[in-house]
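Throughout, read-outs are computed from the coordinates displayed, never taken from laboratory work. Quick caveat, the model's predicted, so the values are computed rather than measured. Cβ atoms come from the backbone with ideal geometry, glycine included; neighbour counts cover every protein chain shown.
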């Protein structure tokens, strides 16, 4: 049966469908020996020979969804760079998985990894409005006008942030709930008010909480836990 190439790559656990589209555009994918860069390409997984980065693509992987408590100092990518710690080194799965979304190198906490492209798209695409909660500490006392700005929106280089939930815990720490994912958003929001983030930990995605999972540990999510991500 014919299917779009990016969907097949997502089903194979290469990346989310949106990321797979970029891999196609960048020339990482070949079909029957020919590099394909057209997003409308359709393939037959039973008949066509499909390679990603010169390696065969297996589209029959069992769906796996993992939760990792990412430590600081690890990058979130499936590509390995010399002398750089990668979250994939913490994951032992029977099939190829990839990180969903991003946690920057200095951040920690809840990270989802999967080979389910459809689930990844539902977690990453802005139209699904999945909440992500973070616990943040900063280097000095939080100014009195910071909370109001977070709740109404702060203008960054990439645009205006959406209104976010905010709860201050101490004079130098707070919880924040986002429904968007600008690059380094929380750090840049803090920077606008003269604050430097000293630690940033994601503690929840939608209704799934990090809980007591130890830093560096990884677990397979149950169907009920997966439902907490999606509902």
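Side notes on the structure shown:
- For segment 131-205, the ratio of Cα radius of gyration to the globular rule of thumb 2.2 N^0.38 Å stands at 0.97.
- Choice from 156, 90, 123 showing the highest fluctuation, given a GNM over the chain with Cα pairs closer than 10 Å: 156
- 222 nm mean residue ellipticity, helices alone, for the chain (DSSP H n ≥ 4; -39,500 (n - 2.57); rounded to 500): -5000 deg cm²/dmol
- Between residue 162 and residue 147, the modelled labels are 2.3 nm apart [label points 7 Å from Cα along Cα→Cβ].
- Expressed to the nearest 5 percent, the antiparallel share of DSSP beta bridges inside segment 3-56 is 100 percent.
- Start at zero, step by 10 Å, and the Cα-Cα distances of segment 3-56 spread as 28, 67, 5 percent across the bins.
- Long-range Cα-Cα pairs in segment 1-118 (distance over 26 Å), rounded percent: 22 percent
- The Cα trace of the chain gives Rg and Dmax of 19.3, 63 Å, the first to one decimal, the second as a whole number.
- For the pair residue 58 and residue 106, the difference between a 0.36 nm per residue extended length and the Cα-Cα distance amounts to 14.0 nm.
- Rounded to 5, the percent of DSSP beta bridges in the chain classed as antiparallel: 95 percent
- Distance (nanometres) between label positions extended 7 Å along Cα→Cβ at residue 131 and residue 193: 2.0 nm
- Segment 136-172 and segment 6-81 have Cα centres separated by 37 Å.
- Two-site FRET efficiency, residue 77 against residue 224, from Cβ-Cβ distance with R₀ of 41 Å, rounded to 0.05: 0.90
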